[in-house]
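The values are calculated or read from the model by the stated rules, or taken from the named source; none is laboratory data. Computed from a predicted model, the values in this text were never measured in an experiment. FYI the Cβ positions are ideal-geometry reconstructions off the backbone, even for glycines, and counts take in every protein chain you see.
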Amino acid sequence: MATSVSKRVEKRRQALRAMGLRPVQIWLPDTRRPGFVEECRRQSLAVAQSDRGDHDLQVLLDQALDDLAEEAD
């Protein structure tokens, strides 16, 4: 007789717990939701606009790029 799906799932979960793992539930934005793309664009533009006015951030990014270029040499 075949093992039921629920028994196999429970067995697998018990094995994972025995390995020191635990189940977690993660909620993510629904990328299929109407307006999702527009909201992403709005937030991206707001961040880009904010970053353009941050001189210290630009200096930091330029220094990071210089460091990467030196490491590549």
> Is there any pair linking a residue in segment 1-28 that is over 30 Å from CYS40 (Cβ atoms) to one that is of a type in the set (Lys, Arg) and surrounded by 10 or more Cβ atoms within 10 Å (Cβ to Cβ), with Cβ under 9 Å and at least six apart or on different chains, and which?
Replying inline: THR3/LYS11
>> Checking VAL47 against (1) within 19 Å of the chain's Cα centre (by Cα); (2) modelled with pLDDT of 95 or more: exactly one of these is not met. Which one?
In response: (2)
> Any residue at all in segment 54-70 that is in contact with a Leu (Cβ under 8 Å, 6 or more places away or on another chain) and either surrounded by 10 or more Cβ atoms within 10 Å (Cβ to Cβ) or free of Cβ contacts under 8 Å to residues at least 24 places away in the same chain (or both)?
Replying inline: no
> If you scan segment 24-46, which residues turn out to be surrounded by fewer than 10 Cβ atoms within 10 Å (Cβ to Cβ) and in a helix (DSSP H, G or I)?
Replying inline: GLU38
